[in-house]
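Computed from the coordinates by the stated procedures, all read-outs in this text should not be read as laboratory data. This structure is a prediction, so every number in the text was calculated from the model and none was measured. Note that we place each Cβ from the backbone using ideal geometry, even for glycine, and neighbour counts take in every protein chain shown.
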Amino acid sequence: MEHPPPPESAWDPGPIPPEPEPPRGPDHPIRLVVTDDRRRSRLTVFFRLLLAIPHLIWYFLWSIATVVVVVIGWFIALFTGRMPEGLHGFVARYVRYGTHLFAYLTLAANPFPGFAGDPGYPIDVEIDGPERQSRWKTAFRLLLAVPALVIEATLLGLPGAGSGGSGAGGQEAGGEDAVIGIGIAFLVAFFAWFACLVRGRMPHGFRHLNAYALRYYAQTYGYLFLLTDRYPFTGPFDVPDPEPPPPAPIRIAIDDDLRRSRLTVLLRLPLAFPHLVWLGLWSVAAVLAALLNWLVTLAVGRSPAALHRFLAAFLRYQTHVYAFLSLVANPFPGFTGTAGSYPVDLEIDGPHRQHRLVTLFRTVLAIPAWFLALSLFGLLFAVAIFGWFVSLALGRMPEGLRDAGAFVLRYAAQANGYGFHLLTDRYPYSGPADRRLAPPDAEAEPPPPLPPLPPEPPPSGLAPA
Amino acid sequence: MPRRSAGLLLLAAALVAAAVGWAIAAALLWDTGVPDDLRLPDLDSGDYFTAAELEEARSYESVIRLFYLGSLVAGLLVLVVYAKVGLRFVRESAAGPIGTGMLLAMLGLGLVWLTLLPFGILELWWQRRHDLTEAGYADVVVGGWLALGVEFAGISLAILIVMGLARPLPRLWWIPGAAAFVGLAALGAFVYPYLGGGEPLRDPVLVEAAERFEQEDDLPDVPIEVAEVSAYTTAPNAQAAGLGPSRRVILWDTILDGRFEDDELVFVIGHELGHHESAHLPKALAWYALFAFPGAWLIALATRRRGGMREPAAVPVALLVLVGLQLLASPAFTAISRNMEREADWIALDVTEDPDAGRDLFEGFSTALLADPDPPSWTTPILQTHPAILDRIAMVEAWEERNGR
C-alpha cells in the first residue's frame with residue numbers, strides 16, 4: 001500500500017530539498033529502510049501519545065494473536081525446519097507494524113501509520129520470505145533470544161511486556177496490560193518532542209539513533225518470532241540514514257582486531273581498579289581545569305591551548321579506561337591519555353572559536369546530552385556483561401557489541417567535551433554514524449558521496465552461526 | 001692493590017658493616033620485658049582440655065593445615081610458571097613500560113588468586129561445617145573479587161614506585177624503594193584505625209579496668225573501640241592498631257558476645273594495651289625495614305638478567321622472588337610475632353594479677369577457634385604467629401610460680 005503524503009499544515013516548515021537515495025541496511029533477512037525527511041507536523045507531535053492510543057490497543061490485540069501463531073509456528077518449524085508461508089507473512093506484518101508504530105511513537109517518523117503493517121512507511125523494514133532454519137536454534141529460540149531482548153529493552157523498551165529499558169520505569173499506554181517499558185529511544189523522543197514543536201523538524205542525530213533502536217527491535221522480534229534464525233546485529237554503524245552526519249570535532253577511531261585475552265577478560269574489573277583510582281584523582285584536577293577553561297573561554301571566545309590539551313588528554317584517557325573496562329578494547333591502557341596510544345581512541349581537534357552565549361549557558365544546554373549519555377551507559381553495561389561471557393568463551397568480542405560500545409563511548413566523550421570540558425561548542429551528534437564522522441573543516445567542501453556500505457559481516461551475536 | 005680488589009674489599013666491608021648493624025638492631029628489637037630466666041613448665045594438654053575437645057581441634061586444624069600446604073604449593077607453582085611465560089602478556093598492554101609492569105604484576109596476582117580460590121572455598125566449607133563462620137560462598141567469592149581489586153591497586157602503586165625509581169637508578173633503586181615501602185607501611189599503620197569505624201567501648205566494667213591500667217600501671221591511654229565483624233565470622237579476636245595519635249585497641253564484637261567472662265575480657269584489654277606499652281607496632285615497622293632493604297636488594301639482583309626492574313619483563317620474576325623471600329623469611333616473621341605476643345601476655349598477667357582469667361581465656365580461645373592447643377612442631381615456624389595455647393597457659397603457670405601464687 002502506498003502511504004499518503006503527510007498533510008501540509010500551518011505548523012509544517014517550508015519545503016526541504018530532496019535527499020539522496022537512502023542507503024539500504026546490511027544483508028540481514030530483516031533490513032531497515034529509512035526514507036523519512038525529518039519534517040514533523042507540530043500538531044501531531046503535540047498530541048502524539050494520544051493519537052497513538054488506537055494503535056496501542058490494536059498492537060496489544062495483534063500481539064496476543066501473534067503469540068498464538070508463533071507457538072503454532074514453533075512446533076511446525078521444529079519438525080519441518082521452516083515457518084509456513086502464511087504464518088510467516090502474518091508475523092512479518094506484525095513486526096513491520098510494530099516498527100511503524102514505535103517509529104511514530106518515538107518521533108522517528110511523522111505520518112500516522114496504517115493498521116495493517118503494509119510496506120512504504122518512512123521508517124520501514126524489509127523482511128525476506130521464509131527460509132530453512134536450524135532446528136536446534138528453533139528449539140532453544142526463547143533462551144537464545146534473552147541477550148538480544150535485554151539489549152532491545154535497553155534501546156527501545158519491551159513492547160507489551162511490562163516495564164524494562166534502562167531503568168526509566170514503565171509507561172502505561174492503552175490499557176492495563178499493555179505497558180511499554182521505556183528505553184533509550186523514548187528518552188530521545190522526550191527531548192525530540194520539544195525540538196520538533198519548536199523547529200518542526202526532527203533533529204538528525206535523534207532520528208538516526210531511534211532508527212538504530214527500531215532496526216534492533218525488528219531484528220530481535222523477527223528472531224524471537226521465528227522469521228529468521230539470523231541473530232540481531234548489535235552494531236549501530238551501518239544503520240541506514242539518508243543524510244551524511246554533521247562534522248564532529250570529537251571523533252572515535254577504532255583500530256581493534258576484536259581479539260580478547262581470556263585472562264585479562266576474566267580479571268577485567270579488578271585490573272581496572274588502578275585506572276579507576278587514577279581517573280578519580282585526575283578528575284579532581286580536570287574539574288578545576290574545566291572551571292578555569294569556562295571562565296577563559298567566556299572571556300576570550302576560545303579555549304587556551306594548554307587547558308585544551310590537558311582536558312583533551314583527560315577525556316581521551318577516560319575513554320580508554322571505559323573501553324578497557326567494558327571490553328570495547330583489549331589491551332591495558334596507559335595512564336596518560338596519549339593520542340593514538342589505544343585501539344579505541346578519540347580524535348580531538350584543536351581549540352577553535354566558540355560562541356560566548358553558548359559558552360555562558362553550556363551546562364544548561366548540555367543537560368539533554370548528559371541524560372542521553374547516562375541512558376546510553378545502560379547499553380554499554382549490557383555490552384560489557386554479554387561481551388564478557390562471549391569473550392571469555394571465544395577469546396573474541398563480537399563486532400556488533402564492540403561497535404555499540406564504541407558508539408556509546410564516542411557520544412559520552414562528545415557530551416563531556418561539549419558540556420563539561422568545553423573542548424568544542426558543537427552539540428554532540430547522537431546518531432551512530434561514527435565510521436563517517438568527519439572533522440569540521442570538511443564543512444568547507446560539499447560532503448563526498450557516501451561510500452557503499454561494507455558487506456554484512458558474519459552473524460556476531462551470541463547464537464551459534 | 002689493584003683497583004678491582006680494592007673495590008671488592010670495600011664491598012665486603014660494607015656488607016659486613018651492614019650485617020653487624022642489622023644484627024645489633026635485631027637484637028635491640030628482640031629484647032622484651034619477659035624475664036630472660038623464665039622457664040615454661042612442661043604441660044599436658046589433657047589436664048586442661050577434654051579428649052573430645054582435643055580431638056575436634058586437632059581434626060579441624062589438620063585439615064586446615066592441609067589446605068594451607070596445598071595452596072602454598074599451588075601458588076608457588078603458578079608463580080614459577082608465570083615467571084617463565086608471563087612475558088607473553090606484554091602484548092595485552094597498550095601502556096608504557098611502567099603500565100605494562102603493573103599489568104604483569106596484577107595478572108600474576110590474579111592467577112594466584114584464581115588458583116587459590118578453590119582452596120579458599122574448601123576452607124570456608126570446612127569452617128562452616130564447624131560453625132566458625134556464617135559467611136556464604138558468594139560473599140567470599142564476590143568479596144574476594146573486590147578485595148583483589150584493592151590488592152591490584154596496591155601492587156600497581158608498588159610497581160609505580162619500583163619501576164619509577166629503577167629508571168633513573170637502575171642499580172640502586174632498592175635503597176629509596178625500600179625506604180618508600182617502609183614509609184607506606186607506616187602510613188598504612190597510622191591510617192588503619194581511622195578506616196575501621198568502630199564504636200567506643202561502653203561496658204562500664206571494661207572501661208573502668210582500662211582506666212585503672214592507665215592510672216595505676218602506666219599503660220598508655222588509648223581509646224578502646226568495638227568493631228562489628230559478627231556478620232562475617234564468629235571467631236573472637238582483638239587487636240592493637242595505630243601509631244601515635246591514631247593508637248587504638250579494637251575489640252571484635254564476637255569477643256563480647258557472652259562467651260567470655262568480664263575478667264577474661266579485662267585480661268584481653270591488658271594484653272592489647274601491653275602491645276602499645278611495648279611499642280610493638282613501631283617495632284614491627286622497624287623489623288619490616290630490616291627485612292625490606294635486603295629483600296629489595298635481592299630482588300634487584302635476581303631481576304638483573306631480565307634487564308632489572310626498569311623493564312616490565314622483570315616483573316614476573318620479581319613476583320616469584322618476592323613470594324619466595326617471604327616464604328623463606330616466614331620463620332623469622334612468626335618468631336618475631338610470637339615474641340611480641342609473649343611480652344603482651346606477660347604484661348597482661350602483671351597488670352591484671354589474675355592468672356585464672358588468663359588460663360580461662362586461653363582455654364576459651366582454643367574451644368572457640370578450634371585451635372589445637374599443642375600443634376605439631378613443624379607448623380610453628382611457618383604458621384604460628386602466636387604461641388601455642390598450651391605455651392600461653394604454661395606462661396600463666398610460670399607467672400604464678402614466680403609470683404608465689
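If you plug the beta carbon distance of B:LEU10 and B:LEU77 into 1/(1 + (r/R0)^6) with R0 = 30 Å, you get a FRET efficiency near 0.15. Neighbouring Cβ atoms from other chains, within 10 Å of the Cβ of residues in B:141-148, number 2 on average. The long axis of helix B:262-277 is offset from the longest Cα principal axis of chain B by roughly 40 degrees. For A:VAL344, the residues whose modelled amide H falls within less than 5 Å of its own, excluding neighbours fewer than 5 places apart on the same chain, are A:ASP255. Please state, rounded to one decimal and in Å, the Kirkwood hydrodynamic radius that the protein assembly as shown gives when every pair of distinct Cα atoms enters the mean of 1/r. For the protein assembly as shown, inverting the mean 1/r across all distinct Cα pairs yields 32.3 Å. Comparing B:ASP356, B:ASP139, B:ASP36 in a Gaussian network model of chain B (Cα springs below 10 Å), the most mobile by mean-square fluctuation is B:ASP36.
Per-residue shielding of A:271-279, expressed as the average number of other chain Cβ atoms within 10 Å of the residue Cβ, stands at 6. Put simply, the amide H of B:VAL226, placed in the peptide plane, has neighbours under 5 Å in B:GLU199, B:LEU201, B:LEU251, leaving out anything fewer than 5 places away on its chain.
Restricting the stretch B:46-94 to trypsin sites (Lys or Arg not before Pro) that sit in a DSSP loop and have at most 16 other Cβ atoms within 10 Å of their own Cβ leaves nothing. Taking the longest Cα principal axis of chain B as reference, the axis of helix B:97-129 is set at about 30 degrees. Across the stretch A:258-271, coupling constants 3J(HN,Hα) worked out from phi with the 6.51/-1.76/1.60 Karplus curve, θ = phi - 60°, read 6, 5, 10, 7, 4, 5, 6, 5, 4, 9, 4, 5, x, 5 Hz, and Gly and Pro carry x. One chain, two ends: B:ARG167 and B:ASP221. Fully extended at 0.36 nm per residue, the span grows by 14.8 nm beyond their Cα-Cα distance.
With N counted as the residues of the stretch A:231-375, its alpha-carbon radius of gyration over 2.2 N^0.38 Å works out to 1.19.
In plain terms, the residue of A:SER430, A:SER283, B:SER156, B:SER5 with the fewest other Cβ atoms within 10 Å comes first and the most crowded comes last, giving B:SER5, A:SER283, B:SER156, A:SER430. Put simply, the amide H of A:GLY157, placed in the peptide plane, has neighbours under 5 Å in A:GLY183, leaving out anything fewer than 5 places away on its chain. Here the simple spin-label model places points 7 Å from the Cα toward Cβ, and for B:GLN239 and B:TRP125 these points are separated by 2.9 nm. Each residue of chain B gets 167 Å³ once the volume of the Cα convex hull is shared out per residue. Using only Cα atoms, tell me the angle between helix B:355-369 and the longest principal axis of chain B; keep it within 0 to 90° and round to the nearest 10. Between the helix axis and the principal axis of chain B, the angle is about 60 degrees.
Residue by residue along A:328-337, Cβ atoms of other protein chains within 10 Å of the local Cβ number 5 on average.
Both radii were evaluated on the Cα set of the stretch B:199-272; the Rg over Rh quotient, with Rh as the Kirkwood radius, amounts to 0.95. Both radii are taken from the alpha-carbon atoms of the stretch B:194-332; with Rh as the Kirkwood radius, Rg/Rh is 1.15. Counting other Cβ atoms within 10 Å as a rough exposure proxy, the listed residues A:THR297, A:THR99, A:THR44, B:THR133 run B:THR133, A:THR44, A:THR297, A:THR99 from fewest neighbours to most. Each listed q (0.08, 0.10 Å⁻¹) maps to a log10 I(q)/I(0) for the stretch A:30-224, found by the Debye formula over equal Cα scatterers with no solvent: -0.25, -0.39.
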